[in-house]
Amino acid sequence: MNNPELELAWNFVEKTDRNIFLTGKAGTGKTTFLHRIKYESLKRLVVVAPTGVAAINAKGVTIHSFFQMPFGPIIPGVESKKSKFKFNRTKIDIIRSLDLLIIDEISMVRADLLDGIDQVLRRYRDRNKVFGGVQVL
């Protein structure tokens with residue numbers, strides 16, 4: 001990789017468990033970097049995105065699909081029938097084994113959706129840590 005900023009980001013992702021906000025103009029290598037992480041990192045990871053097109057481009061799945069989120073707003077203290085977040089054993093095992101959650105196109109993600117992701121990860125991982133202790137990029 002011949003971009004020193006992305007090399008620094010790579011080392012940060014690989015050698016820490018800290019959350020990272022990666023931003024840059026179009027054509028600066030963000031998607032290439034995401035693919036490098038996906039295929040070269042030793043961390044157990046999932047790539048999600050807010051829309052189907054973004055998920056396809058990132059070679060991931062939608063946030064709503066992976067976390068089984070309702071399509072309307074997620075209002076704290078108000079549970080919808082779908083917001084109970086019931087997952088099958090395979091999905092629970094994936095969530096519990098996650099080291100890294102990559103959220104592509106984060107600027108399109110509503111705050112309540114991030115809260116919903118946090119709820120799910122805390123439920124199946126560490127209740128006392130943000131995003132259940134999963135590193136988020």
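Here, each number is a calculation from the coordinates, and none is a lab measurement. Quantities reported herein were computed from a predicted structural model and do not represent experimental measurements. Virtual Cβ from ideal backbone geometry, glycine too; neighbours counted across all protein chains shown.
Length gained on full extension, ASN88 to LEU8, computed as 0.36 nm times the residue gap minus the Cα-Cα distance: 25.1 nm.
Taking ILE117, ILE95, ILE75 in turn, the Gaussian network model of the chain (Cα-Cα springs below 10 Å) assigns the largest fluctuation to ILE75. Fewest neighbouring Cβ atoms within 10 Å first, the residues LEU34, LEU137 line up as LEU34, LEU137.
Principal semi-axes of the equivalent ellipsoid, √(5λ) from the alpha carbon gyration tensor of the chain, are 26, 17, 13 Å from largest down. For region 16-137, the share of DSSP beta bridges that are antiparallel, to the nearest 5, is 0%.
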